[in-house]
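In what follows, a single structure is set out as structure tokens and then discussed.
The values are calculated or read from the model by the stated rules, or taken from the named source; none is laboratory data. Not measured: the values here are computed from a predicted model. As a convention, Cβ positions derive from the backbone with ideal geometry for all residues, glycine included, and neighbour counts pool all protein chains shown. The area values use the complete protein model at the heavy-atom level, side chains included, leaving out ligands, DNA and RNA. Shrake-Rupley method; radii C 1.70, N 1.55, O 1.52, S 1.80 Å.
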Amino acid sequence: MAPHNNLVVFDCDGTLVDSQHMIIDAMHATYQKLNMPLEADGRVRAIVGLSLVEAMAMLRPDDEPGFHEEMAEVYKREFYRLRVEEAAKPDPLYPGTREVLQTLTDAGYLLGVATGNSDRGLARVIEEHNLEGVFVTLQTADGHPSKPHPSMIHTAIADAGADASTTLMVGDTSYDMMMARSAGAHAIGVTWGYHSAGALKEGGAHHLLDTYAELPSLAALLGTKNA
């Protein structure tokens, strides 16, 4: 039987790019439009990674589901206004991101993305940072249940012709770790994102990274590169 391809799947916001300022600004603008008192920045960061309606439900659990959907639509409009109409600068890549993507590709790994962002949002990140063609599979909230449901990982694995046992999920939130665990993949937490190391461990992280420079050797150690 032929060996499976080796797949490394990355979260986007908080893992590849530091998008917290745009997310927080758009959420504050959403609350202002809906005449609600603003959330603390820390509470907003805590929901990054979830699909929008689920994020709104976590922030305001006492509101009706229909209102969570309304909040999500207002957020989309406000985010678009800030990003496109007001021409906000691109969210920066975290240090070492471009280098690790190249190193893994050169070593024979297939790369993917699994994000709570939308198709349009992920496409913008890829275009802004000239990452076209880097990823063989792109999974977003537009086509899947919210994290931590394993649907994104299952589809990424199928797209890549991979197997859960040779797949790493790299993310910055407990939702990423739980999703990876549910899919049977290796859960790799990064400590530079929006959830603490403790939250990542509670979510099921098998390993934690403090820098991207640690990822290639960890991937090899876990046996995700076929000899």
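Condition test on Thr166, is it open to solvent by 40 Å² or more (accessible area, probe 1.4 Å) and farther than 19 Å from Ser19 by Cβ? Give the steps one after another, and end with the answer.
Working: open to solvent by 40 Å² or more (accessible area, probe 1.4 Å): no; farther than 19 Å from Ser19 by Cβ: yes.
Spelling it out, it is not the case that Thr166 is open to solvent by 40 Å² or more (accessible area, probe 1.4 Å) and farther than 19 Å from Ser19 by Cβ.
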For residues that are farther than 30 Å from Asp106 by Cβ, in contact with a Ser or Thr (Cβ under 8 Å, 6 or more places away or on another chain) and of a type in the set (Gly, Ala, Ser), tally how many sit in region 1-51. 1
State the number of residues belonging to region 14-44 that are on the phi < 0 side of the Ramachandran plot, open to solvent by 20 Å² or more (accessible area, probe 1.4 Å) and not aliphatic (A, V, I, L, M). 12
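Of all the helices (runs of 4 or more DSSP H) wholly in region 16-86, which have at least 2 residues that are among the acidic types (Asp, Glu), within 17 Å of Gly116 (Cα to Cα) and modelled with pLDDT of 95 or more?
Working: elements: 20-33, 41-46, 52-59, 65-80.
The helices (runs of 4 or more DSSP H) meeting that bar are 65-80.
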Within the set of pairs 6 or more residues apart or between chains, which connect a residue that is polar (S, T, N, Q) inside region 90-109 to a residue that is part of a loop (DSSP other than H, G, I, E, B) with Cβ atoms less than 8 Å apart? Thr97/Leu16; Thr105/Val134
Residue list for region 93-127, filter: in a helix (DSSP H, G or I) and either open to solvent by 60 Å² or more (accessible area, probe 1.4 Å) or touching a Gly at 6+ places or on another chain (Cβ under 6 Å) (or both): Arg98, Glu99, Gln102, Thr103, Thr105, Asp106, Asp119, Arg120, Glu127
